[in-house]
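Here's the structure, in structure tokens; my notes come after.
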Amino acid sequence: MAEKNIIEIRGIFKSYGGQQILQNINLNVKDGEFLTLLGPSGCGKTTLLRLLAGLEKPTSGQILINGKDAKDMTPQERHVNTVFQSYALFPHMTVFDNVAFGLRCDGVTEVEIERRVNEMLRMVRLSGYEQRKPSELSGGQQQRVAIARAVVKEPIVLLLDEPLSSLDYRLRKNMQIELKQLQRKLGIAFVFVTHDQEEALSMSDSIVVMQQGNVVQQGTPRDIYETPKNISVATFIGESNIFDVVIDDANDKTIKVTVQDIQYELENDGQFKRGDKIHLLIRPEDTRVYHRSEIDDIKMMFPAVVNEVIYKGTTVDLIIKLPDGKLLSVTEFFDEDNGEDVTYVIGESVWVNWPIGWEVVLPYEE
Amino acid sequence: MRNKFQYFSVGLITTWLCIFGLLSFLVMVVMSFLQHDPDHIALWHFTLQNYEDLFDPIFFKIFIKSFYIAFMVTAACLLLGYPFAYIISRLPERLQNTALLLLLLPFWTSSVVRTYAMMSLLKTKGLLNTALLSLGLIHEPLQILFTNTAVAIGLIYNLLPFMILPIYVNLERFDISLIEAAKDLGAKYTTIFRKVIIPLSIPGIVGGCTLVFLPAMTLFFISDLLGGAKALLLGNLIEDQFLMANNWPRGAATSVLLTVIMAIGLLIYWFKSNKRINYDAAI
Ligand SMILES: Nc1ncnc2c1ncn2[C@@H]1O[C@H](COP(=O)(O)OP(=O)(O)OP(=O)(O)O)[C@@H](O)[C@H]1O
Ligand SMILES: [Mg+2]
């Protein structure tokens, strides 16, 4: 994959009527990469896309598209196309004409248009719907027309604003795969907006986590999941069990903390000092529970009671209650070979631990 | 509570329309099949004579001419009114209200009074001629008053707001994101206008044209005041038959014919739009 930056965002600020929406955004989109903007509702994802599409001007800062300053480029000149959050399909045109619109603007011949539009519609599984009006389509079908309409122009960057949000689970999974294949096939960069962390993790080459108009962290899905930069990223990406503790003792290499009356020695990768307050994060799938009868050595384990058992098909999710009343989530995978007994009953007493080193230690935040 | 009020208001409007719209139209329809009688309003005797009379070439000529004037006036109102409505709809909300107020302000004066004012503007030594003369654009006063042009100007002036308002209402709720999508797809401004904005404002355009076309054929006092004896609208014809010739049945037949023609026009549009231009559902 080429390492060239197709889009460079440098120190972008954006405010509407005195209200700061985006603060000092610095971001690169590499050619051919699948980049996801992930963040809660209202954090400025759509606003950032609109700046890239040229539908909005930044208050300050610079955007380079393909190495050129985009300040004076109109949306028409950018070769960047958008799949709008609200679809914005032309209600008076058929599906075919909607998809053909951008090509007609470029003066592509009708024969060529016919070919490309039909191919595109086949790709989004809307063959046979050419002559329908958008009002005669379901929400998911409209969304796919919106995707087809933007993709058919073969832009250098495709911006997608929550393009899968109104699809049902199966179609959504299908479209995730199709979009990913499409992106590989076209070899163009996708900037994809979602507030579904699972979608972000499974599709992206790179994830940008945004919060209240700031980029909090950028990295590969694995980086973001395994080494979140702060507690809000960690809690936004997936579930976590969090213990707020004070460091008992620390040196350059290790810290000592007490969790549920047991002192653990953990790696010190954040230059923590004795007396620092930290969040100790353990993912549900890293939290291990054991039947009382299974275990002899309980030196590094703490007790809990099963509070809830949720059968999920491939996993069993447990809610367990610690003696002090704190609740933890646990995900146990069925592992037929291992023969481990994952049938738990509510009210059962269990032992709990986690593989030391799989925890995440983050500085304490309010 | 709210339901009662709804029933009451809808009921009131329906009653109003039934009495003053439907009922009076039915009276007209009945009247148009009765025999003319100089001494009474009409004679209770069925006849098709009134409609046969309308095929007289003189009536036919007035019909055509009236249609022609109304068509030109509607076209002119559309050309003037569309940009006007577009501009108002793009103003900030507060200015929009001001603009609408200014647009409707003249309507607080009687239309007849305003037409008299128009006379004094257009007459040989009126404001328009004086201005054009002193600017050196013309060398002798234009004879505008008592011509078809004067009638057209008067009609356009009186009817323009009826074109602007429906189009404005349509454009005001226009989904801006469609324009953004078109830009994003590389459409030039002229393309956006031709392919997106105009087609989507067709309901407003049709509404405006309907509101302008019918009055443009029937506003007889404008033709009376500005057109002199020369210009004759369908409205004048109907007026004459009722008031001068005292021939109520034939007057009724004329207006029924006019209504039928307009109704056919609207029905054609309605059927076409139901099949093909189903915009409103999607907006
Ligand atoms: N035109 C505007 N004028 C004023 N404020 C705006 C405008 N557009 C967006 N905002 C504000 O900017 C903030 C960010 O909006 P934005 O649409 O970018 O959020 P988002 O991350 O896309 O959210 P969502 O996930 O709900 O779509 C919001 O607080 C919103 O109210
Ligand atoms: Mg958004």
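The values are calculated or read from the model by the stated rules, or taken from the named source; none is laboratory data. Bear in mind the structure is a predicted one, so any value in this text is a computation, not a measurement. Cβ sites come from the backbone with ideal geometry, for glycine too, and all protein chains shown count toward neighbours.
The lone criterion from (1) closer than 22 Å to B:Ile192 by Cβ; (2) surrounded by 20 or more Cβ atoms within 10 Å (Cβ to Cβ); (3) away from ligand 1 (no atom under 16 Å from the Cβ) left unmet by A:Val124 is number (1).
Contact map, the range B:185-202: first residue within 7 Å of another protein chain (Cβ to nearest Cβ), second residue basic (Lys, Arg) and part of a helix (DSSP H, G or I), Cβ cut-off under 6 Å, separation 6 or more or different chains; the map is empty. Summed over the range A:209-224, the residues that are of a type in the set (D, E, K, R) and surrounded by 15 or more Cβ atoms within 10 Å (Cβ to Cβ) give a count of 0.
Could you check the range A:25-42 and list, in sequence order, the residues that are surrounded by fewer than 15 Cβ atoms within 10 Å (Cβ to Cβ) and over 15 Å from the mean Cα position of the chain (by Cα)? Answer for the range A:25-42, where residues must be surrounded by fewer than 15 Cβ atoms within 10 Å (Cβ to Cβ) and over 15 Å from the mean Cα position of the chain (by Cα): A:Asn26, A:Gly42. All of (1) part of a helix (DSSP H, G or I); (2) facing another protein chain (nearest Cβ under 9 Å) hold for A:Glu112 with one exception: (2). The residues listed here are B:Phe63, B:Phe84; of these, the one that is buried (at least 16 other Cβ atoms within 10 Å of the Cβ), assigned to a helix (DSSP H, G or I) and at pLDDT below 90 is B:Phe63. Of all residues in the range A:56-98, which are without any contact (Cβ under 8 Å) to a residue 24 or more places away in the chain and of a type in the set (A, V, I, L, M)? Those that are without any contact (Cβ under 8 Å) to a residue 24 or more places away in the chain and of a type in the set (A, V, I, L, M): A:Ala70, A:Met73. Contact map, the range A:21-49: first residue in the same structural domain as A:Gly11 (by TED's automatic domain parsing) and within 16 Å of ligand 2 (Cβ to nearest atom), second residue of a type in the set (Val, Ile, Thr) and assigned to a loop (DSSP other than H, G, I, E, B), Cβ cut-off under 8 Å, separation 6 or more or different chains; pairs are A:Leu38/A:Ile237. If the condition is being away from chain B (no Cβ under 14 Å), more than 12 Å from ligand 1 (Cβ to nearest atom) and outside any strand (DSSP E or B), then the range A:14-59 contributes A:Asp31, A:Gly32, A:Glu33, A:Pro58, A:Thr59. Only residues that are of a type outside the set (Lys, Arg), in a loop (DSSP other than H, G, I, E, B) and either surrounded by 20 or more Cβ atoms within 10 Å (Cβ to Cβ) or within 16 Å of ligand 2 (Cβ to nearest atom) (or both): list them for the range A:127-162, please. Matches in the range A:127-162: A:Val152, A:Pro155, A:Glu162.
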